[in-house]
Amino acid sequence: MKTVKLAIFIGLFFISGLAGAAALSSYTFADQEEEQAFRELTAKIRCLVCQNQSLADSDAELANDLRREVYALWKEKKSEDEIVDFLVSRYGDFVLYDPPLKPSTYILWFGPFFLFLLGGYILSRTLKSKTEDKEVELTNEDQQRLKTLLDDDNENQEATK
Amino acid sequence: MIPEIGHFALVLSMCLAIAQAIFPLIGTMNNTPSWAALARPLAWGQALFLTIALGALTYAFLVNDFSVRYVASNSNTLLPTVYKISAVWGAHEGSLLLWAFFLGIWSAAIAVLSKGLTQEVVSRVLAVMGMVNAGFVSFMLFTSNPFERLFQIPAEGRDLNPLLQDIGLALHPPTLYLGYVGFSVAFGFAIAALIGGRLDASWARWSRPWTTAAWVWLTLGITIGSWWAYYELGWGGWWFWDPVENASFMPWIAGTALMHSLAVTEKRGAFRSWTLMLAILAFSLCLLGTFLVRSGVLTSVHAFAADPDRGIFILIFLLITIGGSLALYAWRAPSIFSGGRFDLISRESFLLGNNLLLTVFTFLVLFGTLAPLIYDALEWGKISVGFPWFNKMFLMVTPFLAVLIGFGPLMRWKRTDPKKLVKKLRIAMIVSVVIGLIAFLPAISTGSLLVPLGMFLVAWIITSHITAIIDRLKHKQGISHIFADLAGKGRSYYGMVVAHMGVAMFILGATMVSHHGVEKDLRMSPGESAEISAYRFKFEGVAHTPGPNYTANQGEFTIYLDGEVEAVLKPQKRTYFAQGRPMTEAAIDWGLTRDLYVSLGEDLGGGDWSVRLYYKPFVRWIWLGGLAMAIGGIICISDRRYRSKKEKKPQQAYTEAANTLVTEKS
C-alpha cells in the first residue's frame, strides 16, 4: 500500500517541489543545542499544505514562510509554549503532531489506558478460570474412541509404508 | 490487441472467482463431490488468467503502448526497462492487479500443496479466497480498470513518478502485497473451520505454515519500505507513523499475535476462538489498510475519497467481508479461551500475555490512525495524531513484550516451576541488569532513560535465548546435538530464536539511532568542511552529470575520520525530463555500526549549496532485525512436521486425537 504513499508524494511535489533538504540552513544559532531544540520544535509542527510532513522536513513555500515566522519568534526569546500557543491560535490543533491534553482529547490520551485495563481484565479472568479449571477427564467411552482414532492413524501409517 | 486480451482475461478471472466462491462451497454443504472438486481447477484457472492479465499489462509497458491510459500515465519511452516492469504496480490500478494476481497465486499454491488436507477443507478455503478475489477483481473492472484505452493516443507517456524509479520501490509493493494477500489464506482456513464447525487442532496445524509465510512477506515488505523511505526521501528517517505505514503495520502486529496463538491452538488445542478471531482481524486489517489508502480518506482529512466511487466500493466490500465473518464467528465460535487448564506460570499464560499486548497495541495503532477522522466526523475539531503520540504508545507496550520474549522459550506447556525458571535465568537477568546499568553512563544514555531500558531489553533477549538453547541441548545429548536438532524437528525452535534475535537487533538499532544520531543542515561552499560526530565532511563542489531520463547536479563530499579518507559520497539533485521536478538522491556510506548520509538541498548561488548531513549509528540493525525476523519465519516453515503428515509420531497422533475429543466435549 505504500505505493500510494508515493501518490501522496506526487501530490506533494506539485505543491511544494519537495527537495528533501535545505530547510534550516539559512538560520543561525548560538550553538548546536539551540539548533537541535529548534529542529525538535519544528519537527512537531505539521506543514499545513503538505500531505504528511513536518515543518522541519518540508520545503513547501508556505512551510518556509511559517518556519521563518517561528524562527523570528524564537529569536525574540519566546518560549516553546508561547510559540505553540501562537500557532494553535492561528491554525488550530491540527498544526500539532502531538495533540494537546484538553477535554476534547481526553479520549485520545486516556482511551489507551482503558484498553490496557480491558486487556489486563481479560488476562486476569482467563488466567483465573484456567488455573482453576479441572482437567478434562476421559470417560471409558472416550478412551475407547481414542484407541480407535489412534489405531486408525497407525493403520494409515502402515498403509503408506 | 494485447491489452484487450489482458482485459478479457481479467473478466474471465472474475467469472472464475465467482464460480469458485459458490460451487465448491455448496458442494461441501450438500455432499456433491463433483462440485466440491471444482475448487482446485477453478483456482488454477483463476491464477492462469490473472497471470495473462498481468503479463498483458507488463507487455503494454514494455512496448510503450500509450494508448493504454494507465501506461501513458505511468511510463515513458526513456524509462529504463527494469522500471517499466516495476511501473506495472507503480500506481493504483496496476497495484490492484498485482494484489489479485497474488491472490490467484496463493490460491493455486493451496491447490497444489494441500495434498494432506481433506477435499472439504480445500474446497471451503478456496471458496473463501474466491469470494475475496471476486470482490477485488470486480473492484478493478468497475472502478479502476488498468486496461482502459485512450482515444487520443499521446506521443509520450507522463513517466513514472521519479520516487518510484528505484530498486527499493520495485521490490516493496510485491513483497508487501504477498503478505497482505497471504493473510487471506489464514482467513480462509478460519472461515472454513467456522463453516465446518470442526475447530480442532488440525486446522491450526494446516494454517500455521501459511500464516507464517504471509507474515514473512509482510515483514519483508515493511522492512524494505522503511529502508526505501530512509534512503530515497532524503529525510533520513525510517518510520513516521504515517497512516499509510500504519496500514501495513496493523496487520503485521495482529499477524504476529496470530502466529503465537496458533502455536497454542496446535499444541494444546486451546485458545481456538481467540485464534479464529485473530485470523479474521489480521485479514480485516489488510482490507481496511487497502480501504484507508485507496479511498484517500486518511491521506488528507480534508478530501474525503479522492475518488468517491472507489472509496464506497471498498467500504461496502469491507463491511460485507468483516461483518459477514464476524457474524459467522458470533454464530459458530465456542467460548473465547477454550481448552485445557494451565498454571499461572506456563507457556500458555505467557503467550496469552503476548497476545493481549499485541492486540491492545493493534487497536492503539488503529485508534491513533483513525482518530483524526473520528474527530472530524464528530465535529470535535481537527487534530493531528503524529509520531509523538504513537511513540508513547509504542513505548508503553514493547518493553513488556520484550520482557515476555525472554521468558517464552524456557516456558513449558501447562506448568513451569517458577523456582527452576528463575534459577535457569539467573545469569541472564544479572547480565542484562548490569548492561542496563552501564548504559546509564551519560556518554551512552545521552540523558535519556530509554537508552538503559533499550540496552537492558536487548541484553535480556539475547542472554535468555542463549540460556534457552543451552538448556534445550542439555536435555538432548549436549552441544554437538545442535546439528541433528537443526536437521530434525527442532527447526521451528531455532526459527523462533532467530526471529526473536531480530527483535533484539531492531531494538538495538532503533535505540541507538534515536539517541545517538546527529543531523545538520548547513550552507556549504566548495572546500568547506563540517564536523559531525568524529567525522569531517568536506564539500568538494557540485558538477553536472547526465542520466538516462534525467540530468543531475552531483555533489561530491569527502569524509575524513582521523585525517584518513573514510568515504567519498556523491549525492544528486535530479531533474527528470518528463516531469521536470527536482528530486533528491541521497548518498550513503553504510556500515554495521554507522551510516554517513548526505543529501543535497538547494543551489544557493556562487557554488554554495544547502546540504543535510547525518550520522546514523546502528541504523542498519533496524532492517537487519526485520530481515532476521523474516529468516526466522522461513526456518520455521521449513520444519519437517509441516511437510509430511504421514511421518506423524504416535505422541503427536495421541495429542491430536485427544484434542479432537476435547473439542467435541467442550
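Where a number appears in this text, it was derived from the coordinates with a stated rule and is not lab data. Since we're looking at a predicted model, the values are computed, not measured. Note: ideal-geometry Cβ built from the backbone for every residue, glycine included; neighbour counts use all protein chains shown.
Distances between placed amide hydrogens fall under 5 Å for B:Y550 paired with B:F577, all partners being 5 or more residues away or on another chain. Calculated from the alpha-carbon coordinates, region B:164-264 shows an Rg and a Dmax of 15.9, 53 Å respectively. Here, P(r) means the percent of Cα pairs in each 20 Å bin from 0 to the largest distance; for the protein assembly as shown it is 14, 45, 33, 7, 0. For region B:397-516, the ratio of Cα radius of gyration to the globular rule of thumb 2.2 N^0.38 Å stands at 1.16.
Remark: spin-label model distance B:F8-B:N30 equals 3.4 nm, labels positioned 7 Å along the Cα→Cβ axis. Note that chain B, at 4 °C in a medium of 1.567 mPa s, gets a Stokes-Einstein diffusion coefficient of 48 µm²/s from its Kirkwood radius over C-alpha pairs.
Quote the Stokes-Einstein diffusion coefficient, in whole µm² s⁻¹, for region B:170-394, based on the Kirkwood radius over alpha carbon pairs, a temperature of 25 °C and a viscosity of 0.890 mPa s. Please report the intermediate quantities before stating the final value.
Numbers: Rh = 18.4 Å.
It comes out at roughly 133 µm²/s.
Estimated from helical segments only, the mean residue ellipticity of chain B at 222 nm is -22000 deg cm²/dmol, where each DSSP H run of four or more residues counts as -39500 (n - 2.57). Amide hydrogen proximity for B:L150: with H placed 1.01 Å from N in the peptide plane, the residues at 5 or more positions away or on another chain lying under 5 Å are B:V68, B:R69. Here's how it looks for B:T584: its modeled amide H is under 5 Å from those of B:R574, which are all 5 or more places away or on a different chain.
Computed on the Cα atoms alone, the convex hull of region B:518-620 gives a volume of 102 cubic angstrom per residue. For region B:209-214, 3J(HN,Hα) computed residue by residue from phi via the Karplus equation (6.51, -1.76, 1.60; θ = phi - 60°) reads x, 5, 5, 4, 4, 4 Hz, glycine and proline entered as x. Along each principal axis, taking the top coordinate minus the bottom one, the Cα set of region B:1-160 gives 58, 27, 22 Å in descending order. Remark on region B:91-234: Rg and Dmax equal 18.3, 61 Å (Cα only). Per-residue 3J(HN,Hα) values for region B:601-614, derived from phi via the Karplus relation 6.51 cos²θ - 1.76 cosθ + 1.60 with θ = phi - 60°, read x, 9, 6, 9, x, x, x, 7, 9, 8, 9, 10, 10, 10 Hz in sequence order (x marks Gly and Pro). Sequentially through region B:81-89, phi angles give Karplus couplings (6.51, -1.76, 1.60; θ = phi - 60°) of 3, 4, 7, 5, 5, 6, 5, 3, 10 Hz, Gly and Pro residues having no value and appearing as x. Sparse packing (at most 16 other Cβ atoms within 10 Å of the Cβ) combined with a DSSP loop state is found for the following trypsin sites (Lys or Arg not before Pro) in region B:29-127: B:K115. The largest-to-smallest principal axis extents of the Cα set in region B:62-104 are 32, 20, 15 Å.
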